[in-house]
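Input: a single structure, listed below in structure tokens.
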Amino acid sequence: FENLLETENVKVKKIIVNPKSRLSLQFHNYRSEHWVIIKGIAKILLDGKIIELHEKQSIDIPAGSKHYISNETDSELIFIEVQMGTYFGEDDIVRIDDPYQR
């Protein structure tokens, strides 16, 4: 990921998900997120429901919601993540299942 903006109230990241990969199943206590798909097709698990998003589509991830994003295609997935809340530290990522063993 690449940090694009960080202020007291918001943090914005550009995130790339490699082909045939997914990020960890996780939730956050102190922030919600808004994801905008820039390139590719995203499969999102949000509180047990699978949602497919394409370029120019977006989704809100409420604080406390269990979620991950995956890329099941052969091309990279790029999305913008806008974090809103009171704390943006990486230690607010509560990982339930992590394919990278973090």
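The values are calculated or read from the model by the stated rules, or taken from the named source; none is laboratory data. As the structure is a computational prediction, the values presented were derived from the model and not from experiment. All Cβ positions, even for glycine, are placed from backbone atoms using ideal geometry, and neighbour counts span all protein chains on display. In case anyone asks, the SASA skips ligands and DNA or RNA and just uses the protein heavy atoms, side chains included. Shrake-Rupley method; radii C 1.70, N 1.55, O 1.52, S 1.80 Å.
Descriptive notes on the structure:
- On the principal axes of its alpha-carbon atoms, region 1-45 has extents of 34, 22, 14 Å, going from largest to smallest.
- With protein chains left intact and a 1.4 Å probe, residues in the chain average 57 Å² of accessible area per residue.
- Cross-link pairs exceeding 20 Å between alpha carbons, from the set Lys39/Lys66; Lys14/Lys49; Lys13/Lys39: Lys39/Lys66; Lys14/Lys49.
- Nonpolar atom fraction for the chain, defined as the carbon and sulfur part of the 1.4 Å probe accessible area, stands at 51 percent.
- The alpha-carbon atoms of region 22-77 define a convex hull whose volume equals 69 cubic angstrom per residue.
- Gaussian network model of the chain, Cα within-10 Å springs - most flexible of Ile51, Ile38, Ile15: Ile51
- From the coordinates shown, semi-axes √(5λ) of the Cα gyration tensor in Å corresponds to which of [x] 28, 15, 9; [y] 23, 16, 14; [z] 20, 16, 13: [z]
- Estimated FRET transfer efficiency (Ala63, Asn18; beta-carbon r; R0 25 Å; 0.05): 0.40
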